[in-house]
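A quick write-up on the structure given underneath.
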Number of protein chains: 2
Amino acid sequence: MPKNCNFIEKLREVGLRPTKQRVKMCEVLYNREKTFHFTINDLVKLLSEKMNQKISLATVYNTVHAFEKKGYLKEISIDSHKSYFDTNTSAHHHFFDEDTHELIDCDESDIDKVNIRKNITGKKINSVEVLVRVASDNQTQK
Amino acid sequence: MPKNCNFIEKLREVGLRPTKQRVKMCEVLYNREKTFHFTINDLVKLLSEKMNQKISLATVYNTVHAFEKKGYLKEISIDSHKSYFDTNTSAHHHFFDEDTHELIDCDESDIDKVNIRKNITGKKINSVEVLVRVASDNQTQK
DNA sequence: ATCTACATTATAATAATTCTAAACTGTTGA
DNA sequence: TCAACAGTTTAGAATTATTATAATGTAGAT
């Protein structure tokens, strides 16, 4: 979903009703310079700051999942205890900063294309995800 | 932890007391031909089948985490809702079968070495993980 | 055999997420 | 314009995965 667009129209295009809550979520997620990585918790905090009226936690979950299904968001698995989402839905890889728990997009030029020599017989490849875990140089890591 | 070893000695070596429960868990995890991928739930089921006496859920969690800390197990993130563990602790990548929710080790020869051209400044790379999601060819996928 | 630190246990607590059922609201079309 | 319906939102309950607690048990040293 490109920034600066008419969110009402965009929502309608994929068959989602442009309700107040959904439009607000679009603004929070897509009216920004860079792609945005967040957990549900982050998003709830942001929304409750930026909205005058409150939004239900269940609505945030529903809406995030509706956006995900429609390809407006991508889920990233890093840590089994939290779901991270990414407003950049194109195929790309990530750095995960284990000090700050921050997720950072890789530029296409950062990582060479991953070459899969042999796939499981009878299956097709849906996606190839690379996660590079990084941390401060001067710190004990597991 | 190689199979066929004396688990009591192995546990002692890393400073874990070889209790009944821990030795039993070693047998279930490491007395097998191939590396083993499992969720806590899988393991609890297996243990309660193979043991005459019962084992507490909390003990399974504690012991899995003790093994992980000592390098006997590796945690794999695939899905934010479940923790998968792997008895193969060497650096290697995975296929994840989205039909069966099965995790499969990649052979070293299956995937070429991933070339990271540019890392985040001031950080060192802790690990590089590739996850290849696969599914049946004749099936609708997201 | 006894002691002590570490383990195990059942249960309670917490956290993340999903479900439920009632109230609400876009949208359609009369 | 407005009634009607289907999709949405909501608060709170339920569920699931995981961790904490505190009492009891046990391995290993003395």
The protein assembly as shown, helix-only ellipticity at 222 nm - DSSP H runs n ≥ 4, -39,500 (n - 2.57), divided by all residues, nearest 500: -9000 deg cm²/dmol
Gyration tensor (Cα) of the range A:91-142, equivalent ellipsoid semi-axes in angstrom: 28, 13, 10
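With only Lys, Arg, Asp and Glu charged, each at its Cβ (+1 for the first two, -1 for the last two), find how big the charge dipole of the protein assembly as shown is about the Cα centre; round to the nearest 20 debye.
In total the dipole reaches around 840 debye.
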Label spacing, shortest first and in nm, from B:Thr100 to its equivalents in the remaining copies (7 angstrom along Cα→Cβ): 4.2
Share of carbon and sulfur in the accessible heavy-atom surface of the range B:88-142 [1.4 Å probe, %]: 45 percent
Reciprocal mean inverse distance between Cα atoms of chain A - Kirkwood radius, Å: 17.1 Å
Residue (of A:Phe38, A:Ser83, A:Ser48) at the positive-pole extreme of the range A:7-86, dipole from beta-carbon charges: A:Ser48
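Summing both sides, how much accessible area is buried between A and B? Use a 1.4 Å probe and give Å² to the nearest 100.
3600 Å²
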Charge-dipole axis of the range A:91-142 as Lys and Arg at +1 and Asp and Glu at -1 on Cβ define it, positive-most pick from A:Asn119, A:Ile104, A:Ala135: A:Asn119
Modelled label reach - B:His101, point 7 Å along Cα→Cβ, the range B:34-66 residues with backbone N closer than 16 Å: B:37-46
Charge dipole magnitude, Cβ of K and R +1, D and E -1 - the range A:7-86, Cα centre, debye nearest 20: 320 debye
Label geometry 7 Å along the beta-carbon vector: B:Pro18 inter-copy distances in nm: 7.0
Only Lys, Arg (+1) and Asp, Glu (-1) charged, at Cβ; chain A dipole about Cα centre in debye: 940 debye
Neighbouring partner chain Cβ atoms per residue of B:80-91, average, 10 Å criterion: 2
Residue-normalised accessible area of chain A, given per residue in Å² at a 1.4 Å probe: 58 Å²
For residues of A:109-115, the mean tally of beta carbons on other chains within 10 Å: 5
Per-residue average of Cβ from other chains inside 10 Å of A:95-101: 2
Global form of the protein assembly as shown, assessed from the alpha-carbon gyration tensor, a/c cut-off 1.5: prolate
Inter-copy label distances at A:Ala58 (7 Å, Cα→Cβ; nm, one decimal): 3.3
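The values are calculated or read from the model by the stated rules, or taken from the named source; none is laboratory data. Just so it is clear, the model here is predicted, and its values are computed rather than measured. Reconstructed Cβ throughout: ideal geometry from the backbone, glycine too, with neighbour counts over all protein chains shown. Quick note on the areas: whole protein, heavy atoms, side chains included, nothing else; ligands and nucleic acids left out. Shrake-Rupley method; radii C 1.70, N 1.55, O 1.52, S 1.80 Å.
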